[in-house]
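Contents: one structure, followed by commentary.
FYI, it's all coordinate maths here, none of it is from the lab. All values derive from a computational prediction rather than experimental measurement. Note that each Cβ is placed from the backbone with ideal geometry, even for glycine, and that neighbours are counted across all protein chains shown.
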Amino acid sequence: MIDKKIAAMVVGEFLGVAFLTTVVLSVRGSAIGIPYFVAIAAGLTYSVMLLSVGRAWNIQMNPALTLGLWTLRKVKTVPAVVGIGAQLLGGYLAYLLFTYFVNNKLTNISGHYEARIMLAEAAGALIFSFAVAAAVYNEYKGLKLAATAGIAFTLGIIVASAASNGLVNPALALGLRSWSWGTYVLGPVVGSVIGMNLYSLLFASNGAVSKAKKK
């Protein structure tokens, strides 16, 4: 019999990314599809999904975030791998659903590798992950956790959109046909790992760090 917690984690990751991707695709394709409105919509969706299915960061809805938390030993290896698989599947199926709704395929917007695009995605992810690390170490819960993560995600997207498609999430990039290893995958992962470990090394209390290592 499948453990309820594992099933909830997998389904939560899948639905969270699927809803997030669908919302971003819908807003980008609308008359208000400018980066600021896309960022706000993404942040609000992220907050709502955390309030709905996320508890104590057992659901991240972002492969880069999952890997960052894994480096802090906040997520174990097997749940991280399974969670990332569910996130990517959620993004891809959201793409299929959206193209069915609009009855049209989406143009690939990943482009070619450019250092400035990778760095923009990394900068956005660093902002996002730094705030998430603060929420994790200070044990934010409920509305406080959702608001912190949602606002940080919004700000991260705004910063990244200065030079990139402003996604800060490899699973979201997959759903928006912006998947590129050198930019929209590597950028967010590098930014997330740096942001989280920077907070852990310089700003987390010794007690919080010791508690993290025991997990």
Task: Per-peptide average of other Cβ atoms within 10 Å, ordering 96-107, 164-175, 185-196 highest first - done: 164-175, 185-196, 96-107
Task: trypsin sites (Lys or Arg not before Pro) restricted to the stretch 129-195 and DSSP loop, no more than 15 other C-beta within 10 Å - done: Lys141
- [ ] Would you mind calculating the relative contact order of the chain from Cα pairs under 8 angstrom and at least 6 residues apart, reporting the percent as a whole number?
- [x] 30
TODO: Subtracting the Cα-Cα distance from 0.36 nm times the residue separation, let me have the gained length for Leu202 to Ala147 in nm, one decimal.
DONE: 17.5 nm
Task: Note, ³J(HN,Hα) from phi for the stretch 72-80, Karplus 6.51, -1.76, 1.60, rounded to Hz, x at Gly and Pro - done: 8, 6, 8, 10, 6, 4, 5, x, 5
Task: GluC sites (Glu not before Pro) restricted to DSSP loop in the stretch 86-179 with at most 16 other C-beta within 10 Å - done: Glu114, Glu139
- [ ] Calculate, axis by axis, the spread of Cα positions in the stretch 4-214 along the three principal axes, and write the results as whole Å, longest axis first.
- [x] 53, 40, 28
Open item on the list: Restricting to DSSP H runs of at least four residues, report the calculated mean residue ellipticity at 222 nm for the chain, -39500 (n - 2.57) per run over all residues, nearest 500 deg cm²/dmol.
Closed with: -24000 deg cm²/dmol
- [ ] Give me the distance in nm between label points sitting 7 Å out from Cα along the Cα-to-Cβ direction at Thr107 and Lys5, one decimal.
- [x] 4.8
- [ ] Provide, for the chain, the number of lysine pairs with alpha carbons under 13 Å apart, each pair being eight or more places apart or on different chains.
- [x] 7
- [ ] Please find the FRET efficiency linking Glu114 to Val82, where r is the Cβ-Cβ separation and R0 is fixed at 35 Å, and quote it to the nearest 0.05.
- [x] 0.60
- [ ] Give, as ranges by residue number, the residues of the stretch 1-22 whose backbone N falls under 20 Å from the point 7 Å along Cα→Cβ of Tyr100.
- [x] 11-22
